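Student: Sending over a structure as structure tokens; questions will come in a sec.
What follows is calculated from the coordinates using simple rules that are stated; it is not laboratory data. Bear in mind that the values here come from a model prediction, so they are computed numbers and not experimental data. With ideal geometry, Cβ positions are generated from the backbone for all residues, glycine too; neighbour counts draw on all protein chains shown.
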């Protein structure tokens, strides 16, 4: 038998092909049935609008997937970092049914973006895309200021048709005159925003007593100052006089409320609770309180 | 018995030259992007930004340097093992033109941002079609030469060559299927988790059929030629071959552990990845046992060093790979710099060291001359190995540190470090990596200088080489 193989190249060729096809059939062809299971559909997940699709194509064109993944794994640290406030905010099959191609990536030189939609206001993205280091000083992301150029919308309708996505003439018209940056930000703001995880996370109440453990603790102030410059200054300004977010120089609110806003987020402001933890958030609250003059 | 055969080595010469040029491009771009990760201001958007350059780096390395030199060596080896001149030298010459056209189109189109975005399958659909034509021509030429062979028994290298021809064809065709929108834009034929699963079935088996079976074919040919002793066990070679090409195809989803791809697919991939240690190490042991009583050649014969280090890195790679395919370990190191460290041990250590040995072995023979300088070849060897080890080891440490930081939690369950805090700690390692890359680049320049000097001292006029039939 083996002897025959070594003397008959055609049989060797066919048998190699057959052997290769066994694993292929089981692990590449069969899974389509499992993945296409209708019960895995997620009702809220909608196809991309013309502007979002153009943004996604720019994401592909620039190779963003070389540094950013789009899959949150069901691991404690992944969920806490990328789907904060939730326990089941990890990625699921149904989220990706309109993704041709998938953009899961293989390396996180930058953070995962599967839940970036709605985390920051649009203005944050415009500023960050044009000059990442102005927002995140130690970032090694390239700047994409050139994306302020007009978007080429000549293929938009053909693209929508090729993917079979629904669209209205008004949506097509809305793409015209937009910049590439507009499209990209529209795409980023869609990511992870049409699945239920965020609403559930936001609705969950904060447990425990909201009492500042650092009241009158001077050593917490220095740490708080550092944390503010690392986490808050990007949007609220170096002097906290406002920017993308409002000024924080005269916060006349109870400490518990400030804590809750930072911990869980509010409006355009992202939640910091799961990345910073209670202690650091209280230190920030303490520092902000000291800035406003009187607690 | 001595059969006089007239082998045609034109195509081999052409493919060797161009694969080395593309290899240099791959390393140059690699060094550039390693510096871009440290100094983001080195990105010159839109054409020379990291996101567009990285696919150029991987494509130039895998397809330009890897496949290019495999084509050169497959043409050389197949003729010698079949004792039969190549089926169509004209077709081989045409294939060289087409090959270079494809690589140039790939580089230009990727810089322009035309990409399907799937790793190692980025090229847009018109170039994909050229790749298919290229592969059919190549496969036909090699296979027809084997059909016409004068040596009935097919040596193990020829099996690996045949498996490569089939495997690459199946993988590439399926994964690159796309819906064209225009000449420069298409969408994958598959969506979401399906697309990911097809992609990594392709991605990991490109490692099998492009970065494992071809260097093994070359290794099995070169080792006896260079050491003068036969392969230790033919039977072990047979078992390793069939189990390798059987098991590899089950393992793609180990790139997708903890993703929404069905759990059972992930579990199968994990199990088969562990099983793969056996056939991989069968080849390693076949190499080591063949060296029994011959280890002094590590000192005396510079080519043996390349081969033995090459197969050793293959052995390490095929232990590290399966360990990364285990769910718990993958949860820790996946998406960190550990993985580029792993990949570069395979690419720079295993594949490239064997290919260097092949080039050093072939060039003096097809140009009928002696190598210009063994000393320079030794310098090349030590610099290449040092550069690669600096790269891989610094990335492994970086990966472990980043994984540890990203997983660290406080007593209340919140995360201890932000993502940026972990990134900021990576800079020293990224500097080291870039340094390793520069050392590797220097080694490559020494190699190219040595080869150029050798070729210039050789016979330039003759189109074919008269070879004795001894295989």
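Student: Assuming a ≥ b ≥ c are the square roots of the Cα gyration tensor eigenvalues, decide whether the range A:50-202 counts as rounded (a/c under 1.5), prolate (otherwise, with a/b larger than b/c) or oblate.
Tutor: Because a/c hits 1.5 or more and a/b fails to exceed b/c, the range A:50-202 counts as oblate.
Student: Round to a whole angstrom and tell me the spacing of the C-alpha centers of the range B:64-92 and the range B:7-37.
Tutor: A separation of 18 Å, based on Cα centres.
Student: Where the centroid of each part is defined by its Cα atoms, how far is the range B:222-267 from the range B:109-166 in Å?
Tutor: 19 Å
Student: Still on this structure, I have one more. Relative contact order, percent, of chain B when contacts are C-alpha pairs under 8 Å separated by at least 6 residues? Don't skip to the answer; put the middle values down first.
Tutor: Working: 705 pairs, mean separation 85.6, N = 471.
Averaging sequence separation for qualifying contacts and normalising by length gives 18 percent for chain B.
Student: Where is the GNM fluctuation largest for chain A (alpha-carbon springs, 10 angstrom cutoff): A:169, A:246, A:50?
Tutor: The residue with the greatest mean-square fluctuation here is A:169.
Student: Could I ask something else about it? What is the Cα centroid distance between the range A:1-71 and the range A:239-258, reported in whole angstrom?
Tutor: 49 Å
Student: Separate question: Return one number: the angle in degrees, 0 to 90 and rounded to the nearest 10, between the long axis of the Cα atoms of helix B:374-407 and the longest principal axis of the Cα atoms of chain B.
Tutor: Helix B:374-407 sits roughly 20 degrees off the main axis of chain B.
Student: May I pose another question? Give me A:209, A:279, A:257 sorted ascending by neighbouring Cβ count inside 10 Å, so fewest comes first. Each step should come with its number before you reach the end.
Tutor: Details: A:209 7, A:279 16, A:257 13.
With the sparsest Cβ surroundings first, the list reads A:209, A:257, A:279.
Student: Using the 10 angstrom Cβ neighbour count as an exposure proxy, how do B:442, B:284 rank, fewest first? Could you put the intermediate results ahead of the total?
Tutor: On the way: B:442 16, B:284 19.
So the ranking, lowest neighbour count to highest, is B:442, B:284.
Student: If I fit a long axis through the Cα atoms of helix A:255-264 and take the longest principal axis of the Cα atoms of chain A, what angle between them do I get, 0 to 90°, rounded to 10?
Tutor: Its long axis makes an angle of about 10 degrees.
Student: Based on a Kirkwood Rh over C-alpha pairs, give the Stokes-Einstein translational diffusion coefficient of the range A:198-257 at 20 °C and viscosity 1.002 mPa s in µm²/s.
Tutor: Numbers: Rh = 13.7 Å.
For these conditions, the coefficient is 156 µm²/s.
Student: What FRET efficiency would be calculated for the residue pair residue B:239, residue A:229, taking the C-beta separation as r and a Förster radius of 41 Å, to the nearest 0.05? Mind dumping the intermediate values first?
Tutor: Working: r = 62 Å, r/R0 = 1.52.
So the FRET efficiency works out to roughly 0.05.
Student: Computed on alpha carbon atoms, what radius of gyration and Dmax characterise the range A:120-256, expressed in Å?
Tutor: 20.7, 64
Student: Once you have all Cα-Cα distances for the range A:218-292, histogram them in 5 Å bins from zero and send the whole-percent values.
Tutor: 4, 17, 29, 33, 15, 2, 0
Student: If you count, for every residue in B:170-180, the Cβ atoms of partner chains within 10 Å of its Cβ, what is the mean? Display every interim value, and only then the final one.
Tutor: Details: counts 4, 3, 0, 0, 3, 1, 0, 0, 3, 5, 2.
Averaged over the peptide's residues, the number is 2.
Student: Quick one: length gained pulling residue B:267 to residue B:379 fully straight, 0.36 nm per residue minus the C-alpha distance? Write down the numbers at each step before the final one.
Tutor: Details: separation 112, 0.36 × 112 = 40.32 nm, distance 4.45 nm.
Stretched out fully, the residue B:267 to residue B:379 stretch lengthens by 35.9 nm.
Student: Can you tell me the relative contact order of the range A:60-102? Whole percent, Cα pairs under 8 Å, sequence separation 6 or more. Each step should come with its number before you reach the end.
Tutor: Numbers: 26 pairs, mean separation 11.7, N = 43.
In percent, rounded to a whole number, it is 27.
Student: I'd like the mean, over residues of B:38-49, of how many other protein chain beta carbons sit within 10 Å of each residue's own Cβ.
Tutor: On the way: counts 1, 1, 7, 4, 1, 5, 1, 7, 8, 0, 1, 8.
Taking the mean over all residues of the peptide, I get 4.
Student: Oh, and also: With each label point set 7 Å from Cα along the Cα-Cβ vector, what nm distance links residue B:424 and residue A:154?
Tutor: 4.7 nm
Student: If you average the sequence gap of Cα pairs under 8 Å that are 6 or more apart and divide by the length of the range A:218-292, what percent do you get for the contact order? Write out the running numbers ahead of the final one.
Tutor: Numbers: 82 pairs, mean separation 27.9, N = 75.
Relative contact order comes out at 37 percent.
Student: In 5 Å bins starting at zero, report the fraction of Cα pairs in the range B:43-189 per bin as a rounded %.
Tutor: Going from the shortest bin to the longest, the percentages are 2, 9, 18, 20, 17, 13, 9, 6, 4, 2, 0, 0.
Student: Related question: Between residue A:250 and residue A:165, what is the label-point separation in nm under the 7 Å Cα-to-beta-carbon projection?
Tutor: 4.6 nm
Student: Given 0.36 nm per residue, what is the gain on full extension from residue A:174 to residue A:291 after removing their alpha carbon distance, in nm?
Tutor: That works out to 37.7 nm of additional length.
Student: Let me ask something else. Based on the alpha-carbon gyration tensor of chain A and its eigenvalue square roots a ≥ b ≥ c, which shape applies: rounded if a/c is under 1.5, prolate if not and a/b is larger than b/c, or oblate? Walk me through the intermediate numbers first.
Tutor: Numbers: a/c = 2.39, a/b = 1.77, b/c = 1.35.
In terms of gyration-tensor shape, prolate.
Student: Taking square-rooted eigenvalues a ≥ b ≥ c of the alpha carbon gyration tensor, is the protein assembly as shown rounded, prolate or oblate, where a/c under 1.5 means rounded and, failing that, a/b exceeding b/c means prolate?
Tutor: prolate
Student: Which value does Rg/Rh take for the range B:141-300 over its C-alpha atoms, Rh per Kirkwood?
Tutor: 1.07
Student: Ranking A:88, A:57, B:10, A:216 by Cβ neighbours within 10 Å, fewest first, what do you get?
Tutor: A:216, A:88, B:10, A:57
Student: Return the tail of the calculated pair distribution for chain B, meaning the percent of Cα-Cα pairs more than 28 Å apart. Let's see the in-between values first.
Tutor: Details: 57975 of 110685 pairs.
In whole percent, the share of Cα-Cα pairs in chain B beyond 28 Å is 52.
Student: Still on this model: For helix B:89-112, what angle does its Cα long axis make with the longest principal axis of chain B, in degrees from 0 to 90 and rounded to 10?
Tutor: 20 degrees
Student: Report the calculated FRET efficiency for residue A:239 and residue B:94 (r = Cβ-Cβ distance, R0 = 60 Å), to the nearest 0.05. Working shown, then result.
Tutor: Details: r = 68 Å, r/R0 = 1.14.
The value I calculate is 0.30.
Student: Starting from the Cα of residue A:7, move 7 Å in the Cα-to-Cβ direction to define the label point; list residues of the range B:79-109 whose amide nitrogen is under 20 Å from there.
Tutor: Residues passing the 20 Å test: B:81-84.
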